[in-house]
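First the structure, in the form of structure tokens, and then the observations on it.
The values are calculated or read from the model by the stated rules, or taken from the named source; none is laboratory data. In this text the structure is predicted, and so the values were computed from the model without any measurement. Glycine also receives a Cβ, built like all others from the backbone with ideal geometry; neighbour counts cover every protein chain displayed. Calculation scope for accessible area: heavy atoms of the full protein, side chains included, ligands and nucleic acids excluded. Shrake-Rupley method; radii C 1.70, N 1.55, O 1.52, S 1.80 Å.
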Amino acid sequence: MSRIKDTFTKLKNENAKALVGFITAGDPDMEGSLAVVSEMFNNGLDILELGIPFSDPTADGDVIQRSSARSLKAGANLSKILQMTAALRENYNQPIIIFSYLNPIYRFGYERFIKEALEAGADGLLAVDMPHEESEDFKSIRDKHSSAEDFALIKLAAPTTDEARLETICKAGEGFIYMINRVGITGTGGLDPESVAAHAGQIKQHTKLPVCMGFGVSSPEDAEKIAFAGDGVVVGSLFEKTIENNLDKGKDFYSKAVGKKVKELKIPLQ
């Protein structure tokens, strides 16, 4: 059984929901980023989305765009981030999903990426702009080295996805389905719990995989409003904003501040 499946099984037995946390790897530098993620895991984060910084993060708002810029300026790259993944795996057993735009993975090479990600202990990839059709090429290479159990290709489902394509995406899904709560970019507020619940219910008609809901979750109150509808919530911009607002106070302070946010967000999910 995979780490992802283990995590959701354990949470279901506890009648709890998953907290999935996104962080831009290497923000503000590799040492600080490692400290942040360690505090997140120490404070109860269930699943990590380890973001690969990219120069043109078109689905992201200002907060994550700036975090990518800081990371790239500090010299982060995919090889260093996979080394960071390996360092985290020495101490933590929570699932680690590599979260990236397609370009860095494509340039690195699918086969090389899969081999090195597996060696580092990563549990899957979420490529936000990888078309479903392109994912078949990735899966065929993955299948030579691993399986969906050990290295899942996470699929996204948007509110604008029509029923036929949603069914196709769900059938091809692995690990869990990342449900986009609303149209727009990351880091902007405004959640309609009724529409989120309706969208989650629509997805669940097509899959038995867990459904995790992201975009627009920026507080424990937001998490509580929608947690009932799915199997987990995804939070990212809040953590990056916490880092950004406390950069001048140093690594120990901002990493612990992020850990505190994780602890607060876990409360309504338990």
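Can you work out which of the residues in the range 71-95 that are surrounded by 17 or more Cβ atoms within 10 Å (Cβ to Cβ) and in contact (Cβ under 8 Å) with a residue 60 or more places away in the chain is nearest to residue 117 (Cα to Cα)?
For the range 71-95, the residue satisfying everything is 95.
Take the residues in the range 247-270 that are hydrophobic (A, V, I, L, M, F, W, C) and out of contact with any Pro (no Cβ under 8 Å at 6 or more places or on another chain); name whichever of them is nearest to residue 232 (Cα to Cα).
So the residue we want is 269.
For the range 36-123, give me every one of the helices (runs of 4 or more DSSP H) that falls completely inside it and has 3 or more residues that are of a type in the set (Gly, Ala, Ser).
Per the criteria, 62-73, 78-89.
Enumerate the pairs (first residue in the range 208-231 and under 25 Å from residue 168 (Cβ atoms); second residue anywhere and part of a strand (DSSP E or B) and not hydrophobic (A, V, I, L, M, F, W, C)) with beta-carbon separation below 8 Å, excluding pairs fewer than 6 apart on the same chain, so at least 6 apart or on different chains.
Sorted first by the residue in the range 208-231, then by its partner, the pairs are 210/232; 211/232; 212/178; 212/232; 213/232; 214/178.
Confirm whether residue 150 is among the acidic types (Asp, Glu) and closer than 21 Å to residue 237 by Cα.
no
Could you check, for the range 169-180, whether at least one of its residues is hydrophobic (A, V, I, L, M, F, W, C), touching a Lys or Arg at 6+ places or on another chain (Cβ under 9 Å), buried (at least 22 other Cβ atoms within 10 Å of the Cβ) and closer than 23 Å to residue 66 by Cα?
No, because not a single residue in the range 169-180 is hydrophobic (A, V, I, L, M, F, W, C), touching a Lys or Arg at 6+ places or on another chain (Cβ under 9 Å), buried (at least 22 other Cβ atoms within 10 Å of the Cβ) and closer than 23 Å to residue 66 by Cα.
Among the aromatic types (Phe, Trp, Tyr), in contact with a helix residue (DSSP H, G or I) (Cβ under 6 Å, 6 or more places away or on another chain) and open to solvent by less than 60 Å² (accessible area, probe 1.4 Å): is that true of residue 99 in this structure?
Taking the combined requirement at face value, the residue does not satisfy it.
Is at least one residue of the range 140-157 crowded, with 17+ Cβ neighbours inside 10 Å and farther than 18 Å from residue 102 by Cα?
yes
Counting only residues that are open to solvent by less than 10 Å² (accessible area, probe 1.4 Å) and in a loop (DSSP other than H, G, I, E, B), how many does the range 3-35 have?
Total satisfying the criteria: 3.
Answer yes or no as to whether residue 261 is open to solvent by 30 Å² or more (accessible area, probe 1.4 Å) and in contact with a Ser or Thr (Cβ under 6 Å, 6 or more places away or on another chain).
Here the answer is yes, as residue 261 does meet what is asked.
Among the residues of the range 36-56, how many are open to solvent by less than 30 Å² (accessible area, probe 1.4 Å) and without any contact (Cβ under 8 Å) to a residue 40 or more places away in the chain?
Qualifying residue count for the region: 1.
For the range 218-250, enumerate the residues that are under 19 Å from the mean Cα position of the chain (by Cα), in a helix (DSSP H, G or I) and within 14 Å of residue 18 (Cβ to Cβ).
Once the filter is applied, which keeps residues that are under 19 Å from the mean Cα position of the chain (by Cα), in a helix (DSSP H, G or I) and within 14 Å of residue 18 (Cβ to Cβ), the range 218-250 yields 223, 226, 227, 229.
Just one of 258, 217 is modelled with pLDDT under 95 and in contact with a Gly (Cβ under 9 Å, 6 or more places away or on another chain); which is it?
The conditions single out 217.
How many residues are touching a helix residue (DSSP H, G or I) at 6+ places or on another chain (Cβ under 8 Å) and surrounded by fewer than 18 Cβ atoms within 10 Å (Cβ to Cβ) if we restrict to the range 102-135?
Residues meeting the conditions: 9.
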